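The values are calculated or read from the model by the stated rules, or taken from the named source; none is laboratory data. All of these numbers come straight from a predicted model, not from anything done at the bench. Note that each Cβ is placed from the backbone with ideal geometry, even for glycine, and that neighbours are counted across all protein chains shown. When the accessible area is computed, the model is the full protein with side chains, heavy atoms only, and any ligands, DNA or RNA have been set aside. Shrake-Rupley method; radii C 1.70, N 1.55, O 1.52, S 1.80 Å.
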Amino acid sequence: MTALLVAAVPATAEESPYARGPAPTKASIEADRGTFQTATEKVPAGQGFGGGTIHYPTATGQGTFGAIAIAPGFLESEAAIAWYGPRLASQGFVVITFSTNSAWDTPDRRSDQLLAALRYVTDSSQAKSRVDPNRLAVMGHSMGGGGALIASQKAPTLKAAIPLTGWNPNTTFSDMKVPTFVVSAQNDFIAPDGSHSRPFYQSLPASLDKAYMLLAGAGHMAPTSPNVTIAKYSLSWLKRFVDQDTRYDQFLCPLPANDPKIAVYQGTCPID
């Protein structure tokens with residue numbers, strides 16, 4: 001009797017119950033708005049963080065959405081990371097951007113506030129019925145990026161982490177279990193690439209889905225204003241790992257190359 005050999009077929013977007021929105025294109029991931037109409041909810045301070053804004057899709061016919069919490073950096077308020085809210089929400093996520101309890105808060109304190117913000121979204125917000133509590137992610141700028149890394153250590157069931165020109169005194173994250181996209185800047189003199197982002201990335205386990213992008217000619221504050229390069233690869237990362245949407249693989253693998261706005265891009269391909 002001859003054995004029948006069947007090749008394993010990778011999951012397609014249609015097989016992911018979490019794929020949201022139309023098939024992506026280069027134009028769609030670079031657009032400042034996606035196809036989802038959105039609404040907002042203001043969140044007062046006193047919920048474990050310094051208050052913020054939730055942007056969420058108004059659609060009710062596509063199931064629940066993944067949620068993302070985004071923290072600002074040292075001496076910054078929500079305004080520094082506010083542009084991510086409407087941009088990502090219109091692509092099919094529930095997004096909370098917030099101010100920290102104190103502008104001086106350490107990365108560790110910011111990590112707790114990222115997790116508190118996610119709890120507020122899933123448990124108390126107007127959008128809670130639209131959120132899948134099992135598909136959550138964290139992002140942050142500078143000390144907020146350091147907080148995103150620490151939050152992922154504390155909550156290894158998170159689906160994605162994106163530190164944006166992150167700052168953290170500890171650079172070893174060898175126990176990380178959360179798919180991590182490290183965004184760095186070539187001319188960052190506040191959190192220099194060689195002593196922050198690059199060591200973060202290099203410490204991540206070889207078995208982890210991970211990527212590292214060094215922005216050419218950019219400084220520490222690059223993530224605090226609309227940036228197409230940051231947005232399109234962050235969106236693709238979140239879609240792939242929060243939504244398991246393999247339609248976005250094309251933007252992550254093979255690794256981006258020949259882009260004058262990127263000095264270095266490294267990562268694990270193929271994506272598991």
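Some values worked out for this structure:
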{"quantity": "Residue in segment 107-125 that is surrounded by 18 or more Cβ atoms within 10 Å (Cβ to Cβ) and part of a strand (DSSP E or B) present", "calculated": "no"}
{"quantity": "Residue among S197, S234 that alone is under 25 Å from R20 (Cα atoms), of a type in the set (G, A, S) and at pLDDT 95 or above", "calculated": "S234"}
{"quantity": "Output for segment 56-67, where each listed residue is open to solvent by less than 50 Å² (accessible area, probe 1.4 Å) and part of a loop (DSSP other than H, G, I, E, B)", "calculated": "A59, G63, T64"}
{"quantity": "Failed item in (1) open to solvent by 30 Å² or more (accessible area, probe 1.4 Å); (2) farther than 30 Å from F65 by Cβ; (3) in contact (Cβ under 8 Å) with a residue 60 or more places away in the chain, with T224 passing the rest", "calculated": "(2)"}
{"quantity": "Verdict on F181 being open to solvent by less than 10 Å² (accessible area, probe 1.4 Å), more than 12 Å from I70 (Cα to Cα), modelled with pLDDT of 95 or more and in a strand (DSSP E or B)", "calculated": "yes"}
{"quantity": "Candidate set: segment 145-178, residues that are assigned to a helix (DSSP H, G or I) and open to solvent by 10 Å² or more (accessible area, probe 1.4 Å); chosen: the one nearest to D108 (Cα to Cα)", "calculated": "I150"}
{"quantity": "Segment 86-106, residues that are in a helix (DSSP H, G or I) and closer than 21 Å to L149 by Cβ", "calculated": "L88"}
{"quantity": "Unique match (being outside any strand (DSSP E or B), within 27 Å of V228 (Cβ to Cβ) and of a type outside the set (F, W, Y)) among I70, I29", "calculated": "I29"}
{"quantity": "Residue satisfying all of: in segment 135-144; over 13 Å from T97 (Cα atoms) and assigned to a strand (DSSP E or B); nearest to the chain's Cα centre (by Cα) among these", "calculated": "L136"}
{"quantity": "Hey, C253 modelled with pLDDT under 95 and more than 14 Å from the chain's Cα centre (by Cα) or not", "calculated": "no"}
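One line per residue, one yes/no per condition, for (1) among the polar types (S, T, N, Q); (2) farther than 21 Å from D249 by Cα:
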| site | (1), (2) |
| --- | --- |
| T122 | yes, yes |
| A151 | no, yes |
| A161 | no, no |
| H220 | no, yes |
